Amino acid sequence: MEDSRLCQWSVFRSILAILQWWGFNVTVIIMNKWIFQKLDFKFPLSVSCIHFIFSTIGAYLVIKVLKLKPLILVDPEDRWRRIFPMSFVFCVNIVLGNVSLRYIPVSFMQTIKSFTPATTVVLQWLVWRKYFDWRIWASLVPIVGGILLTSITELSFNMFGFCAALFGCLATSTKTILAESLLHGYKFDSINTVYYMAPYATMILGIPAILLEGSGVLEWFHSQESLVSPLIIIFGSGVLAFCLNFSIFYVIHSTTAVTFNVAGNLKVAVAVTCSWLIFRNPISALNAVGCAVTLVGCTFYGYVRHMLSQQPPGTPRTPRTPRSLKELIPLVNEKLDDKV
């Protein structure tokens, strides 16, 4: 009876974690698109900077004030030598995502972001000469094919927005590689990552945002009859962006790797559906097929990675790294028992 209750609670916790992750993720994406399109606040650097400011404040409150998570100490030298480069790439990733949202529909942007597994594998192969099982490469075929089909048939295609989203995938992959190589020895959780990276990101983006968008932001302020509602939406997106970091950490520790991967792909489908219902951006039948093919490829990729990770070391055809490289430690320590 006790085991049955524990099993039921585990299932309930997993479902709750996935639902709140979907909620925060889709809401942040829709709110950002609403800010750019409906509020006509077309300043992606400023929006990203606001998100980082709220993330800095939120991480400080969680760790220093509420003490919900213990602080992971990092040497001052490592903060500049290791975390600062990651923060820079983190900025590029977020800014490119917001830039792409300004020019292309949410549905198209989310589909392109599904290209990240392919860019990660290719970068690791090119930079680190890391070898992958043939099934990993096979799983990339539907991902690449689906992206190509979606791009060709996208009715609201914009080259600048497309390139921003595509380079955003490269930035995400680069951030992952830097996290593994530069943070060797530090087993970070998401909140500590935000605690150290968000202040640097705010500093990196602050000056460019003021120089490039400051005058435009001031003009936008003067053009608004009432600032209460727009500012609530803009600042609310910053609060939700920080909450999203909590939700990611919670869902990682409440589900299996396969469940997390499948849930992530279903989240893209939810975001695409919500985007269409709210913004009514046109989607052709072939475009929908391309999106579906991409999501199936991402699911297969996650399944293959999970199956290969379960094989004992030394098993033939498992992903392996040349012995000259040190064993890498992931940014997020999935073995921590999170209580958030």
7 Å from Cα along Cα→Cβ at both Phe167 and Ile232: what's the point-to-point distance in nm? 3.7 nm
Whole-Hz Karplus couplings 3J(HN,Hα) for the range 35-40, θ = phi - 60° and coefficients 6.51, -1.76, 1.60, Gly and Pro as x, run 4, 6, 8, 8, 7, 6
Obtain the nm distance between the two label points defined at Lys187 and Val289 by a simple spin-label model: each point lies 7 Å from its Cα along the Cα-to-C-beta direction. 4.8 nm
Please tell me which of these pairs span more than 32 angstrom C-alpha to C-alpha: Lys175/Lys267; Lys38/Lys187; Lys67/Lys113; Lys69/Lys267? Lys38/Lys187; Lys67/Lys113
If all Cα-Cα distances of the range 4-101 are sorted into 5 Å bins from 0 onward, what percent lands in each bin, rounded to whole numbers? 2, 10, 12, 15, 18, 16, 12, 8, 4, 2, 0
Hz values of 3J(HN,Hα) by residue in the range 238-248 - Karplus curve (6.51, -1.76, 1.60), Gly and Pro given as x: x, 4, 5, 4, 5, 4, 4, 5, 4, 5, 5
FRET efficiency for Val141 and Gln8 from the Cβ-Cβ distance with R0 = 35 Å, rounded to 0.05, comes out at 0.35
Just in the range 125-234: which GluC sites (Glu not before Pro) are loop by DSSP and have at most 15 other Cβ atoms within 10 Å? Glu225
Note, ³J(HN,Hα) from phi for the range 72-82, Karplus 6.51, -1.76, 1.60, rounded to Hz, x at Gly and Pro: 8, 6, 10, 4, x, 5, 5, 4, 7, 7, 10
At a Förster distance of 25 Å, what's the computed FRET efficiency of Trp125 paired with Met307, Cβ-Cβ distance as r, to 0.05? 0.80
Once both labels are modelled 7 Å past Cα along the beta-carbon direction, what's the Met159-Lys64 spacing in nm? 4.7 nm
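Read-outs throughout are calculated quantities, based only on the coordinates presented, and are distinct from any laboratory measurement. What you see is a predicted model, and the numbers here were worked out from it, not measured in a lab. All Cβ positions, glycine included, derive from the backbone under ideal geometry; neighbour counts span all protein chains shown.
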